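Below is one structure, written out as structure tokens; the observations come after it.
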Amino acid sequence: MATASAYSREVPTSRTTLPGRRFDHRFFTGMSLLMLLTAFAGFARTYFLAGVFRAPLPSLIIHVHGAAFSCWVLLLVVQSSLVAAGRVSVHRSLGVAGFLVGCAMLVLGVLAATDSLVRGGGPPGRDVKAFYIVPLTDMVIFGTLLFFAFRRRFDPPAHKRLIYIATTGLLIAAVARLPLAFSQRNAAAAGPLTWVFLLILATYDLWSTRRIHPATRWAGAFLIFVQMVRFPIGQTAAWHAFATWVQAAAR
């Protein structure tokens, strides 16, 4: 009995040595800043340092889309900072605006992708109809994770991870514009580079709780799965027929 009592006292003591959620505020605030820096670095030459509204973008919808994307990343930094500062009530009130911005981004993302398809835009030398699947599936990833993040808004550990991974899915456009020879203007190579954010999150989960949070597991797997299957689908005749129909209808 004495041995059993001693063992029962040791277990909670060993568990309390885990960091747990004590560093969540620092981690997610720091990662939101890193995401902001990644977005800025990717779009600096063609958008941010080009004067934003005076940037030589091909159409108005691309300008509006860029502004909405910028607002989302800035809002991510603000929201994580509010939680870190203990301003949870303000965070929740601003979360409604964040959800509306996210919904607007879904519409703008599809419109911007279709605008690029009609103009024959996209990476040089790539089939524009095949490439059309990339921005559309980015919106599928973002919209799906945004929906579940909204549903889990009263479950902070899951909510913040879903928002984090949803934003990771958007960063492919910025990463594909970084001055890296093997990934520049190459979505197939840029996608796996964004998985570094998933790896960092999974590592943090393991360090803080010795397990990967369920939201990290399923949302990260969903993002990777969609990014992997879209390229074979984009090469099919069925997808080309769909893109041709959209192209003709949009014109």
When the stretch 180-196 is examined, which residues are found to be without any contact (Cβ under 8 Å) to a residue 24 or more places away in the chain and among the hydroxyl-bearing types (S, T, Y)? S183
Is at least one residue of the stretch 143-156 among the polar types (S, T, N, Q) and under 22 Å from L201 (Cβ atoms)? yes
How about the stretch 57-103: which of its residues are crowded, with 16+ Cβ neighbours inside 10 Å and not in a helix (DSSP H, G or I)? L57
Just name the residue that is surrounded by the most Cβ atoms within 10 Å (Cβ to Cβ) out of those in the stretch 189-201 that are touching a helix residue (DSSP H, G or I) at 6+ places or on another chain (Cβ under 6 Å) and more than 14 Å from G42 (Cβ to Cβ). L201
Candidate set from the stretch 1-45 (those that are charged (D, E, K, R) and at pLDDT below 90); member that is farthest from the chain's Cα centre (by Cα): R9
Could you count how many residues in the stretch 25-55 are exposed (fewer than 14 other Cβ atoms within 10 Å of the Cβ) and part of a loop (DSSP other than H, G, I, E, B)? 2
Which of the helices (runs of 4 or more DSSP H) found entirely inside the stretch 152-225 contain at least 3 residues meeting this: over 23 Å from L108 (Cβ atoms)? 156-170, 187-209
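The values are calculated or read from the model by the stated rules, or taken from the named source; none is laboratory data. Treat the numbers as computed from the prediction; the structure is a model and nothing was measured. Reconstructed Cβ throughout: ideal geometry from the backbone, glycine too, with neighbour counts over all protein chains shown.
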